[in-house]
Amino acid sequence: MEFLSLEASDYESALRQARSEYGNAVRIHTRKDFTKASMLSKQKRCKITFYLVESKPPVSVVEEDPGRIEVFDADAYMQELLVSNDVPSSLHAEAKQLLVADKGEHSRAEVEIALLQYLFDGVQFEEEISSRYAVFVGAAGVGKTTISIKTALHLRSQKAKKVALLSLDTNRVGSLGHIRQLSREFALPLFEASHEKALSELLPSLESFDHVLVDTCSFSAKYEEMKPIQDAMLALLGEKECSTYLVLSATFKESDLAAQLQIFSPLRIRAGICTKLDETRGIGTLLGFTRKSNLPLLFLSDGQTIPDDLHIASASHLMKCLQGFSLDVTQFFPSA
């Protein structure tokens with residue numbers, strides 16, 4: 001599918017120009033309003049990107065029976081894509097409503113574009129970590145420690161920030177050993193605190209860093225026992241500039257994602273970080289959850305390699321994880 005673009009003084013003028021050249025085959029994909037400035041004046045402009053639909057629905061003739069014509073089944077194809085991408089069944093009916101809105105026939109490309117717009121409508125992204133303390137919370141096994149290392153290296157190499165690690169998960173030998181090993185391997189300063197007094201004594205030393213990545217206790221059977229201690233330490237950090245990020249696995253079911261958000265919501269979650277994208281068949285559950293919860297995404301992780309398998313969250317990267325689409329999804333992000 002080819003995407004075209006043109007620019008005019010406003011959206012209506014751009015649309016009229018497109019339809020005067022291509023008729024009713026025009027379907028708008030993106031719209032960008034901007035101001036073009038010169039030395040003497042400023043002008044408001046609008047740029048639209050659009051594609052053209054076929055004048056007739058595609059058909060295929062079954063060779064065994066020349067008299068039979070098989071019409072493309074848009075509803076069945078939509079269902080196939082929904083299942084292939086693990087979109088929760090609770091969202092299927094709403095997604096399919098996009099096909100019956102105009103009662104017309106739909107091509108394969110139109111079905112795919114309608115589903116893409118539905119899946120990504122309302123999905124938000126956090127641009128960067130701006131606070132001094134970035135606290136990572138989440139269930140056991142989601143990869144909080146690895147994410148804290150990856151994030152620290154990203155801030156150090158890409159943002160030229162002075163960073164350190166702070167572990168509050170000092171009661172689990174395995175977890176503490178893991179972060180100690182990685183901090184040595186990548187030459188990252190590591191601080192450890194098991195209670196409020198120990199953390200209070202560390203704060204003057206932590207003030208010299210642009211960012212401190214905080215690895216917390218995992219939610220597990222013992223979490224309730226550790227929760228009061230950890231809450232007291234996080235409250236101490238809360239007196240400073242502090243943001244909390246919920247680390248979620250892409251392999252979680254819809255109910256698991258919702259439960260994690262509910263558990264940690266008292267900490268005022270700023271954004272989510274998704275791990276294990278390489279271990280899931282489809283990202284429909286993740287997209288449905290982020291739309292419903294209004295939780296922005298900050299980072300995406302698709303492997304254990306440090307620091308390579310960490311990506312700034314974006315629609316373009318998530319689209320690459322979709323299954324069964326025939327469209328080149330890179331065309332959905334045309335250059336301005």
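Table for the structure above
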{"item": "Other-chain or far-sequence residues with amide H under 5 Å of residue 140's (modelled H)", "result": "219"}
{"item": "Residues whose placed amide H lies under 5 Å from that of residue 275, excluding near-sequence neighbours", "result": "248, 249, 250, 301"}
{"item": "With every protein chain in place, the chain: carbon and sulfur % of accessible area (1.4 Å)", "result": "48"}
{"item": "In sequence order, calculated HN-Hα J values of region 116-123 (Karplus, 6.51, -1.76, 1.60; Hz; x Gly/Pro)", "result": "4, 5, 5, 5, 9, 5, x, 6"}
{"item": "Cα-only radius of gyration and Dmax that characterise the chain, units Å", "result": "24.7, 84"}
{"item": "Proximal aspartates and glutamates relative to residue 47, as straight alpha-carbon distance under 19 Å, when same-chain residues fewer than 8 apart are discounted", "result": "2, 7, 10, 12, 21, 33"}
{"item": "Placed amide H near residue 29: partners under 5 Å, 5+ positions off or other chain", "result": "49, 50, 51"}
{"item": "C-alpha long axis of helix 74-84 to longest principal axis of the chain, angle in °", "result": "20"}
{"item": "With at most 13 other Cβ atoms within 10 Å, longest stretch of the chain clear of loop GluC sites (Glu not before Pro) (DSSP)", "result": "242-336"}
{"item": "Acute angle (nearest 10 degrees) that the helix 284-293 long axis makes with the longest principal axis of the chain, alpha-carbon atoms", "result": "70"}
{"item": "When each of 162/197; 253/292; 144/197; 276/320; 32/292 is checked by Cα-Cα distance, pairs over 19 Å", "result": "162/197; 144/197; 32/292"}
{"item": "Degrees separating the helix 196-206 axis from the principal Cα axis of the chain, which is the longest one", "result": "70"}
{"item": "Solvent-accessible surface ranking, highest first, for 89, 255 at 1.4 angstrom", "result": "89, 255"}
{"item": "The chain, accessible area per residue, ligands and nucleic acids excluded (1.4 Å, Å²)", "result": "52"}
{"item": "Note, ³J(HN,Hα) from phi for region 8-15, Karplus 6.51, -1.76, 1.60, rounded to Hz, x at Gly and Pro", "result": "8, 6, 8, 4, 4, 5, 5, 5"}
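The values are calculated or read from the model by the stated rules, or taken from the named source; none is laboratory data. None of the values given here were measured: they were computed from a predicted structure. Heads up, the Cβs are rebuilt from the backbone with ideal geometry, glycines too, and the neighbour counts pull from every protein chain shown. For the accessible areas, the whole protein counts, side chains as well, though only heavy atoms, and no ligand, DNA or RNA atoms are used. Shrake-Rupley method; radii C 1.70, N 1.55, O 1.52, S 1.80 Å.
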